[in-house]
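In what follows, a single structure is set out as C-alpha cells and then discussed.
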Amino acid sequence: MIAQNFTVVDTAGIFVHTVKWCQCSGASQEDKHLQLLQERLFPSTIVNPQTAFTFDVLDEFLVDSLECKTSAASFYHKLRRLTNNSFPDLIPVCVFIGIYFWSLKVL
C-alpha cells in the first residue's frame with residue numbers, strides 16, 4: 001500500500017500528514033471521503049481528496065464569519081500565520097471549502 005501526503009486543516013494550523021487508506025475487504029478507492037467523514041474530517045472533494053478540514057475549524061470559521069464578519073481569505077491567512085508565522089506563504093490549501101461548509105450548516 002502506498003502512503004500519500006495529506007493536508008489537514010485544524011484550529012491550530014495547517015499540517016501535512018502521511019495517510020494510508022483503509023484496504024479492508026469491501027473498502028474501495030471511492031470510499032476515501034467516507035473514511036474521512038468517519039474520523040470527523042470534512043474532505044475538500046469527494047473524488048481523491050488530498051485536503052480535509054476538522055469540524056472544529058469549520059465550526060470556528062462559521063462563528064467568525066457570522067459574528068466578526070471574517071472572510072474566508074482572512075480566516076485562511078490567520079491559520080497560515082498560526083502554522084508558520086515566519087513563512088506563511090509556504091502553506092498551501094484551498095480556502096473556499098469553508099464557504100461550502102457554511103452553506104451546508106445554514107440549510
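Just so you know, all these numbers are worked out from the coordinates, no wet-lab data involved. Worth saying up front: this structure is predicted, and the values here are computed from it rather than measured. When we count neighbours, we look across all protein chains shown, and the Cβ atoms used for this are built from the backbone with ideal geometry, even at glycine.
Each row is one residue, and each column tells you yes or no for (1) polar (S, T, N, Q); (2) at positive phi; (3) part of a strand (DSSP E or B).
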| site | (1), (2), (3) |
| --- | --- |
| N5 | yes, no, yes |
| I14 | no, no, yes |
| W21 | no, no, no |
| S25 | yes, no, no |
| E30 | no, no, no |
| P49 | no, no, no |
| L58 | no, no, no |
| L66 | no, no, no |
Practice task
Please work out which residue is farthest from Y76 (Cα to Cα), limiting yourself to region 1-47 and to residues that are exposed (fewer than 13 other Cβ atoms within 10 Å of the Cβ) and among the hydroxyl-bearing types (S, T, Y).
Solution key: S25
Exercise for the section: Count, please, the residues in region 47-81 that happen to be under 17 Å from V8 (Cβ atoms) and in contact (Cβ under 8 Å) with a residue 12 or more places away in the chain. Expected result: 17
